[in-house]
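Below: one structure, written as structure tokens.
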Amino acid sequence: MEVSLLNVRITFQKNAVEVDSIGNHKNTWADYYSCHATVSGEAGKQTSETDVAGTVADESEVSFTVRWCRKASAVDSTGYRVVFGGELYDILAIDHMNYKKKCIKFKCRKARR
């Protein structure tokens with residue numbers, strides 16, 4: 001993996017539940033890990049938009065490839081998300097690239113808000 005291709009900064013956020021002073025549970029996202037990544041779109045796949053409840057939702061998928069480290073290898077698709085360029089991305093799948101501990105690829109979709 002060429003280091004020069006890691007040209008963008010991404011942040012992984014972890015989902016947590018906070019309990020306030022009167023016992024209410026609130027879902028929050030906290031920054032977990034920030035690193036450099038390579039961004040790639042799906043080859044041969046068009047970005048699509050769908051009409052959801054009268055609004056247009058972006059369905060574009062993006063892959064982020066990062067260098068392997070313990071923190072990045074602990075990320076899973078259910079409790080984490082990616083922040084890139086001010087946009088939020090849900091993690092759809094994680095590819096550990098044959099478990100050689102060199103890089104990890106995260107297949108993501110832009111989150112609906």
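Details
- Neighbour-count order for Arg112, Arg67, Arg81, fewest beta carbons within 10 angstrom listed first: Arg112, Arg67, Arg81
- Order of Thr28, Thr11 under a 10 Å beta carbon neighbour criterion, fewest first: Thr28, Thr11
- Taking 0.36 nm per residue of separation and subtracting the Cα-Cα distance, full extension of the segment from Cys35 to Asp90 would add 18.1 nm.
- Packing-based exposure ordering (other Cβ within 10 Å, fewest first) of Lys101, Lys14, Lys26: Lys26, Lys101, Lys14
- Spatial separation of Cα centroids for region 1-40 and region 82-113, in angstrom: 11 Å
- 19 Å Cα-Cα threshold exceeded, pairs from Lys71/Lys101; Lys14/Lys107; Lys71/Lys110; Lys26/Lys110: Lys71/Lys110; Lys26/Lys110
- Note on Ala74 and Asn98: with the Förster distance fixed at 25 Å, the Cβ-Cβ geometry gives a FRET efficiency of about 0.85.
Values in this text are rule-based calculations from the coordinates and carry no lab data. It should be emphasised that the depicted structure is a prediction, and the values quoted were computed from it without experimental measurement. Neighbour counts run over all protein chains shown; Cβ positions are idealised from the backbone, glycine included.
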